[in-house]
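Inspection log for the structure reproduced underneath, given as structure tokens.
The values are calculated or read from the model by the stated rules, or taken from the named source; none is laboratory data. Small disclaimer: the values here were computed from a predicted structure and weren't measured. Here the Cβ positions follow ideal geometry from the backbone for every residue, glycine too, while neighbour counts run over all protein chains shown. Heads up: the accessible areas ignore ligands, DNA and RNA and are worked out on the full protein's heavy atoms, side chains in. Shrake-Rupley method; radii C 1.70, N 1.55, O 1.52, S 1.80 Å.
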Number of protein chains: 2
Amino acid sequence: VPQVWLNGRLVEAADATVPALDRGVLWGQGLFETMRVYDGRVWALDDHLVRLHAGAEVIDVPVPEASEVARAIDEVVAANDLKDAGTRITITRGSGPVDPQADADQPPNVIVTAWPLRDYTELYDKGVALVTIAGGGRPLAGLKTTSYVMSVAGRVIAKRAAADDALFLGESGRVLEATGSNLFVVEGESIITPPLEEGILPGVTRRHLMAVAPRAGFVVREEPVTLSQLFACDEVVLTSSLREVYPARTVDGRDVRRLGVDQKLRAAYHAAVLDALD
Amino acid sequence: VPQVWLNGRLVEAADATVPALDRGVLWGQGLFETMRVYDGRVWALDDHLVRLHAGAEVIDVPVPEASEVARAIDEVVAANDLKDAGTRITITRGSGPVDPQADADQPPNVIVTAWPLRDYTELYDKGVALVTIAGGGRPLAGLKTTSYVMSVAGRVIAKRAAADDALFLGESGRVLEATGSNLFVVEGESIITPPLEEGILPGVTRRHLMAVAPRAGFVVREEPVTLSQLFACDEVVLTSSLREVYPARTVDGRDVRRLGVDQKLRAAYHAAVLDALD
């Protein structure tokens with residue numbers, strides 16, 4: 001029966017579990033490294049630890065001491081009677097309250113596994129067939145996966161800047177979206193939001209607000225938004241399922257204008273939702 | 001005590017666990033949606049299910065029937081005595097063998113949570129302070145996080161094309177890396193690999209091969225690599241911790257040349273590792 005090292009002890013693989021509320025499960029807030037074991041000796045652990053520490057700094061996941069990692073790998077390799085093997089360390093952020101917006105308040109979960117090295121003879125002989133994928137993250141554009149660590153990193157950066165949230169910018173300084181909210185700028189009777197083609201998340205609240213706003217007297221435009229527009233417009237509002245429609249106060253420390261349009265939009269949206277639910 | 005809906009039944013939040021070998025934990029291969037509950041009624045579930053199904057198609061995670069999701073939300077909202085709430089469904093791919101390269105062979109894990117809606121009065125009143133983050137995924141460039149679903153998507157795409165792996169292309173058709181391996185092209189006595197500034201993962205095997213190759217008579221260059229170079233060069237090789245150095249056979253169905261350089265490089269790399277371990 002394969003054994004797994006989990007938080008300091010060996011357990012059977014089938015019994016190794018982590019909390020469903022681990023921020024690694026919910027947000028992909030975790031780090032990992034895969035290493036090769038040659039005749040029982042792990043190769044280049046120090047190099048892999050350097051990369052783990054680089055990640056730890058950005059996404060706020062603590063890394064155990066090098067000696068503990070080395071011991072865990074030795075133990076799991078020995079417990080599974082392995083000589084030539086693959087080994088992997090996975091560190092997740094740990095669990096927190098049921099409300100997923102709350103930070104983790106439990107220690108990280110550390111999982112170390114090892115398995116027999118595959119036979120690569122045929123792979124070396126035949127070589128691999130590759131397909132190319134163009135366009136960066138395009139396959140994932142608009143999907144809401146648990147690989148959400150970009151938003152985690154945005155929140156970490158915002159927190160360190162004593163701000164509330166981060167706003168991702170795209171090419172040529174275009175404004176895209178916040179870590180979990182879509183963005184609109186208000187210019188007179190118009191509300192303008194970046195089009196989905198910019199690679200943003202197709203927010204459900206964004207779409208419903210676009211349907212509701214004309215009834216409240218606003219013209220809706222889907223157009224690229226620039227950073228300078230944020231400082232020139234009448235108001236910057238954000239949308240999310242939980243917060244509905246809410247205003248920005250500052251961007252990079254600079255005040256943005258507030259004319260109270262957020263209240264009108266929120267009231268119209270809220271009323272439309274309650275109407276539809278009745 | 002907060003209750004969580006997990007795979008068809010309500011459990012106390014502290015007892016809700018998923019396997020440590022769940023591909024959601026290991027690779028961020030999962031989907032989620034967050035919705036608002038108004039006086040016990042969830043809003044826009046159908047819209048959120050559309051997005052779940054869009055993700056399911058790309059990253060190979062099955063989505064439960066709409067009626068089951070609706071029932072789960074109702075149950076968890078009622079079990080926690082909630083009226084105005086947030087609710088979230090998380091679907092992970094499920095667990096598989098200890099060898100993380102193997103696909104999941106267990107069913108997905110479905111987690112539905114609900115929690116009291118936060119009081120947003122102050123948020124609406126004050127507005128949020130934002131910081132901007134430029135440069136797309138730059139904060140995460142070079143980090144190896146469990147938010148690895150881009151690689152999962154690449155493998156799904158490769159499998160559907162009856163290929164072995166996917167090769168990500170960057171701007172202007174530049175070749176970056178495979179889903180879990182770095183890339184080199186061989187041109188005579190030179191081996192060329194894209195620089196880290198292209199946003200690729202700083203592979204440990206890549207770096208060691210760069211140190212070893214000169215001793216085997218090769219000149220190492222870090223330079224952008226174009227797709228046409230792949231078809232013109234003497235050989236395309238890939239590097240990973242487990243596979244060490246291995247050759248490509250085809251790219252997008254077209255043969256690439258193979259002059260056996262992979263064997264020389266692999267032998268030199270392998271010998272250097274064994275030397276260093278002794």
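Below, the figures for the structure above:
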read-out	value
Within the range B:47-86, considering residues that are among the acidic types (Asp, Glu) and closer than 30 Å to B:THR179 by Cα, the one farthest from the other protein chains (Cβ to nearest Cβ)	B:ASP60
Every pair of residues 6+ apart whose Cβ atoms lie under 7 Å, when the first sits in the range A:258-278 and is within 11 Å of another protein chain (Cβ to nearest Cβ) while the second is assigned to a loop (DSSP other than H, G, I, E, B)	A:ARG258/B:GLY127; A:VAL273/B:TRP43; A:LEU277/B:TRP43
The range B:16-40, subset among the small types (Gly, Ala, Ser) and open to solvent by less than 10 Å² (accessible area, probe 1.4 Å), residue nearest to A:VAL4 (Cα to Cα)	B:ALA20
Residue ID - nearest to A:VAL149 (Cα to Cα), chosen from residues in the range A:81-97 that are open to solvent by less than 20 Å² (accessible area, probe 1.4 Å) and of a type in the set (A, V, I, L, M, F, W, C)	A:ILE91
Filtered residues of the range B:199-221 (kept if within 18 Å of B:SER181 (Cα to Cα) and small (Gly, Ala, Ser))	B:GLY199, B:GLY203, B:ALA211, B:ALA213
Odd one out for B:ARG71, checked against (1) open to solvent by 30 Å² or more (accessible area, probe 1.4 Å); (2) in contact with an Asp or Glu (Cβ under 7 Å, 6 or more places away or on another chain)	(2)
When residues of the range B:1-15 are limited to those that are open to solvent by 100 Å² or more (accessible area, probe 1.4 Å) and at pLDDT 95 or above, the one farthest from the other protein chains (Cβ to nearest Cβ)	B:ARG9
Residue check, B:PRO214 assigned to a loop (DSSP other than H, G, I, E, B) and not polar (S, T, N, Q)	no
Restricting the range B:231-255 to residues that are surrounded by fewer than 20 Cβ atoms within 10 Å (Cβ to Cβ) and over 30 Å from A:PRO116 (Cα atoms), the residue that is nearest to the other protein chains (Cβ to nearest Cβ)	B:ASP252
Where B:GLY136 falls short, out of the listed (1) at positive phi; (2) in contact (Cβ under 8 Å) with a residue 60 or more places away in the chain	(2)
Close pairs from the range A:44-56: first at negative phi and in contact (Cβ under 8 Å) with a residue 24 or more places away in the chain, partner open to solvent by 50 Å² or more (accessible area, probe 1.4 Å) and not in a helix (DSSP H, G or I), Cβ under 7 Å, at least 6 apart	A:ALA56/A:PRO62
Odd one out for A:SER228, checked against (1) among the polar types (S, T, N, Q); (2) assigned to a helix (DSSP H, G or I); (3) crowded, with 16+ Cβ neighbours inside 10 Å	(3)
Conditions (1) closer than 18 Å to B:ALA134 by Cβ; (2) in contact (Cβ under 8 Å) with a residue 40 or more places away in the chain: number failed by A:SER147	(1)
Strands (runs of 3 or more DSSP E) contained in the range A:1-90 and holding at least 2 residues among the aromatic types (Phe, Trp, Tyr)	A:30-38
Scope the range A:57-67; condition exposed (fewer than 15 other Cβ atoms within 10 Å of the Cβ) and touching a residue at least 24 places away in the same chain (Cβ under 8 Å); matching residues	A:PRO62
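Okay, residues lined up against (1) free of Cβ contacts under 8 Å to residues at least 12 places away in the same chain; (2) over 29 Å from A:PRO116 (Cα atoms); (3) open to solvent by 10 Å² or more (accessible area, probe 1.4 Å):
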position	(1), (2), (3)
B:GLU187	no, yes, yes
B:ILE191	no, yes, no
B:THR205	no, no, no
B:PRO214	yes, yes, yes
B:PHE218	no, yes, yes
